[in-house]
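Shown next, in structure tokens, is the structure this report addresses.
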Amino acid sequence: MDSDLAAVLASLTTGIYVLTVADARHRHGMSSSWVTQVSGEPPLFMAAVDVSHFSAQVIAHTGVFGLNLVGHRSRHLEDYFLSSASRRPDNLEQIACDLSPRLGVPWLRDAAASIEARVVDSVLAGDHRLLISEAVGVRVNRPDRPLTSLDLDYVYVGGKSVIPRDRSGW
């Protein structure tokens with residue numbers, strides 16, 4: 001990717017989330033920042049997931065996932081899910097979580113809030129799949145200011161690319 005394009009893309013602001021999945025054998029979470037609301041009626045949101053990521057395979061099979069909002073007090077979740085310690089199929093073993101009541105997806109106890117989501121449509125977009133999803137249930141754990149990409153010293157711009165944030169403006 002061109003360095004100027006990477007710098008501009010890195011300056012697009014995004015929220016910080018942990019997307020979680022579960023199937024009969026695994027419980028897994030991944031850092032996710034490409035998430036946005038796409039419809040008011042019905043209320044729908046979109047999450048982009050790398051097609052080669054472990055979570056993408058589970059979502060393709062189950063059609064459901066959890067979306068956990070990371071707040072300033074729960075930044076340790078982003079730190080963990082970006083670390084090499086999280087690079088295994090059962091990476092939720094050391095993270096406090098509950099299974100959501102309707103869909104049985106992992107909700108992280110330390111997240112500011114969690115959504116259990118059902119995929120209603122998806123679109124392949126390059127190396128990511130855009131998951132258009134409906135919220136089936138929601139839990140607010142504790143009000144907290146959401147963590148955004150502007151709060152991090154790095155930013156994800158796709159693939160394996162996590163680049164340092166240039167604090168000078170670009």
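Things worth noting here:
- Per-region count, the range 105-125, residues in contact with a strand residue (DSSP E or B) (Cβ under 8 Å, 6 or more places away or on another chain) and not in a strand (DSSP E or B): 4
- Across the range 88-95, not a single residue is classified as surrounded by 15 or more Cβ atoms within 10 Å (Cβ to Cβ) and part of a strand (DSSP E or B).
Conditions (1) in contact with a helix residue (DSSP H, G or I) (Cβ under 7 Å, 6 or more places away or on another chain); (2) farther than 22 Å from residue 109 by Cα, marked per residue:
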site	(1), (2)
9	no, yes
29	yes, no
47	no, no
52	no, yes
70	yes, no
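- Annotation note: Cβ proximity below 7 Å between a residue of the range 131-152 that is surrounded by fewer than 17 Cβ atoms within 10 Å (Cβ to Cβ) and a residue that is modelled with pLDDT under 95 and of a type in the set (Ser, Thr, Tyr) (sequence gap 6+ or interchain) occurs for 148/13; 148/14; 150/13.
- Members of the range 119-145 that are farther than 14 Å from residue 20 by Cβ and among the charged types (D, E, K, R): 121, 127, 129, 134, 142, 144, 145
The values are calculated or read from the model by the stated rules, or taken from the named source; none is laboratory data. No experiment lies behind these values; they were computed from the predicted model shown. Ideal geometry is used to build each Cβ from the backbone, glycine not excepted, and the neighbour counts take in all protein chains shown.
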